[in-house]
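Right, one structure below, let's go through it.
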Amino acid sequence: MNINKSSQISKFYKKTLKDRQEVVKDWIDDENDFLTLTQDQADNMIENVIGLYGLPFAVSTNFLINGEEYLIPIVIEEPSVVAALSFAAKLFREGGGFNTSSDKPEMIGQIQILDCPNINNALKQITIEKEVLLEEVNNLGGSIVKRGGGAKDFEIRQFNTDQLGEILIVHLIYDCRDAMGANAVNTAVEYLAPKLEQITRGRVNLRILSNLTDRRIARAEGVVLADSLTTDEMSGSEVVQSIIEAGVFAEIDPYRATTHNKGIMNGIDGVLIATGNDWRAVEAGAHAFAVRSGTYSSLTKWRRDSQGNLRGSIELPLSVGIVGGATRVHPMAQLALKILGVSSAQELAEVIATVGLAQNFAAIRALATDGIQKGHMRMHARQLAAAAGAPLEAIPLLVETMVAEGAIRLERAKQLLENWNEEH
């Protein structure tokens with residue numbers, strides 16, 4: 001969090017790239033130039049490296065979360081997302097900002113036990129030996145345990161299958177503190193596997209963490225004032241109703257919910273990538289969580305409050321970390337965390353949930369009023385102008401012309417560029 005600084009930055013999008021960098025340097029009190037990942041660093045991160053693949057690194061403004069100011073780092077290639085987030089955060093700010101909460105950073109490690117000669121005896125022996133086993137796991141050491149985390153409990157699930165007979169699944173509940181925790185959890189369950197085989201006289205097959213981190217939920221909510229939603233064609237109350245109708249559509253229909261939740265992940269994934277977190281794991285957990293009722297549904301809810309304003313909320317599992325993994329070696333991930341100013345993995349999860357709620361609001365507000373393409377196609381026109389080879393000074397003219405004509409196509413951008421070149 002950042003004291004005595006405001007994320008309300010007037011016309012940030014109109015500033016030059018250099019000026020935006022200076023604003024962020026002032027935000028983080030760092031005069032050093034932004035560092036990027038080097039090829040040597042990349043070569044030590046994954047195998048078979050042949051180069052680097054760049055994506056835009058941006059910041060979204062106006063976020064007020066639990067009374068604190070945040071700039072939100074986003075890495076994404078899709079146009080309109082960052083601008084939509086900043087606009088959404090501005091409207092939520094007028095309604096008092098976002099409020100958040102989250103669960104302890106507990107992960108689940110799964111151990112699959114088959115061929116137990118006596119299931120009831122196996123269950124009894126696991127219960128008897130539980131405290132000893134947990135202590136042994138935590139004696140493996142590590143910074144997580146020193147910080148108060150580590151193995152906390154067992155949960156046992158029992159399945160009876162036609163193919164494999166009776167199966168025991170032992171869940172190790174592991175508090176990861178400020179780490180995402182995959183390595184710690186996987187190390188713990190691999191240590192426990194032979195111990196559980198001895199105790200149960202069964203056979204362990206898989207021992208691996210679960211990415212359905214439903215013990216690690218983050219929540220965010222906020223209010224958008226109805227008056228701020230008024231358009232030339234619709235009253236604020238009508239926009240509130242239209243957004244609620246869109247939200248309920250996503251709650252009841254998986255076809256709509258899939259696109260609805262994809263919009264949520266546009267914002268969430270952008271922060272996960274920026275901070276060096278495992279966006280694939282969070283995606284998997286979020287979509288599994290969305291189907292927990294038996295039908296795939298929305299991760300957000302939109303309702304009208306007693307004053308007639310729009311209230312939105314989001315709830316989803318978010319297993320993220322601020323230490324270890326890519327955050328330790330990727331300079332841009334370190335920069336992103338510095339910009340955020342978060343002090344714990346729980347705080348990061350809450351900020352990310354807020355971004356998901358804001359992005360969802362921006363998308364369904366556009367759908368419920370002007371339609372999604374109006375703002376998106378302007379940004380698409382900028383991409384096409386750049387793809388046509390237009391110099392920076394020509395891009396605004398090409399964009400305005402294509403938007404005015406409703407002809408946002410690469411061939412039209414090339415024609416307009418030819419005209420511009422002839423005149424210059």
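The values are calculated or read from the model by the stated rules, or taken from the named source; none is laboratory data. Treat the numbers as computed from the prediction; the structure is a model and nothing was measured. Cβ sites come from the backbone with ideal geometry, for glycine too, and all protein chains shown count toward neighbours. In case anyone asks, the SASA skips ligands and DNA or RNA and just uses the protein heavy atoms, side chains included. Shrake-Rupley method; radii C 1.70, N 1.55, O 1.52, S 1.80 Å.
Annotations for the structure displayed:
- Residues satisfying the criterion are present in the range 317-331 (criterion: within 25 Å of Tyr13 (Cα to Cα), out of contact with any Pro (no Cβ under 7 Å at 6 or more places or on another chain), part of a helix (DSSP H, G or I) and not acidic (Asp, Glu)).
- Pick from the range 339-371, criterion among the polar types (S, T, N, Q) and part of a helix (DSSP H, G or I), ranking: surrounded by the most Cβ atoms within 10 Å (Cβ to Cβ): Thr354
- Residue within the range 19-39 that is assigned to a strand (DSSP E or B) and within 29 Å of Glu94 (Cα to Cα) present: no
- Single residue of Gly165, Gly149 found to be open to solvent by less than 40 Å² (accessible area, probe 1.4 Å), in contact with a Pro (Cβ under 8 Å, 6 or more places away or on another chain) and touching a residue at least 12 places away in the same chain (Cβ under 8 Å): Gly149
- Selection within the range 264-289 - on the phi < 0 side of the Ramachandran plot, of a type outside the set (S, T, N, Q) and open to solvent by 10 Å² or more (accessible area, probe 1.4 Å): Asp269, Ile273, Asp278, Trp279, Arg280, Glu283, Ala284, His287, Ala288, Phe289
- Here Arg207 passes the criteria (1) assigned to a helix (DSSP H, G or I); (2) closer than 22 Å to Pro317 by Cβ; (3) open to solvent by 20 Å² or more (accessible area, probe 1.4 Å) except the one numbered (1).
- Taking residues in the range 253-272 that are farther than 13 Å from Ser297 by Cα, and partners anywhere that are open to solvent by 10 Å² or more (accessible area, probe 1.4 Å) and acidic (Asp, Glu), the pairs with Cβ atoms closer than 9 Å and at least 6 places apart or on different chains are Met265/Glu283; Asn266/Glu78; Ile268/Glu283; Asp269/Glu283; Gly270/Glu78; Leu272/Asp278; Leu272/Glu283.
- Filter pass, Ala336 being buried (at least 23 other Cβ atoms within 10 Å of the Cβ), modelled with pLDDT under 90 and closer than 29 Å to Phe63 by Cβ: no
- Of all the residues in the range 190-244, those that are in contact with a Cys (Cβ under 7 Å, 6 or more places away or on another chain) and closer than 30 Å to Arg292 by Cβ number 2.
- Counting only residues that are surrounded by fewer than 22 Cβ atoms within 10 Å (Cβ to Cβ) and either under 17 Å from Ser306 (Cα atoms) or aromatic (Phe, Trp, Tyr) (or both), the range 210-234 holds 6 of them.
- In the range 20-36, the residues that are under 17 Å from Gly54 (Cβ atoms) reach residues that are at pLDDT below 85 and in a loop (DSSP other than H, G, I, E, B) with C-beta atoms within less than 9 angstrom, at least six apart or across chains, in these pairs: Gln21/Asp33; Gln21/Phe34.
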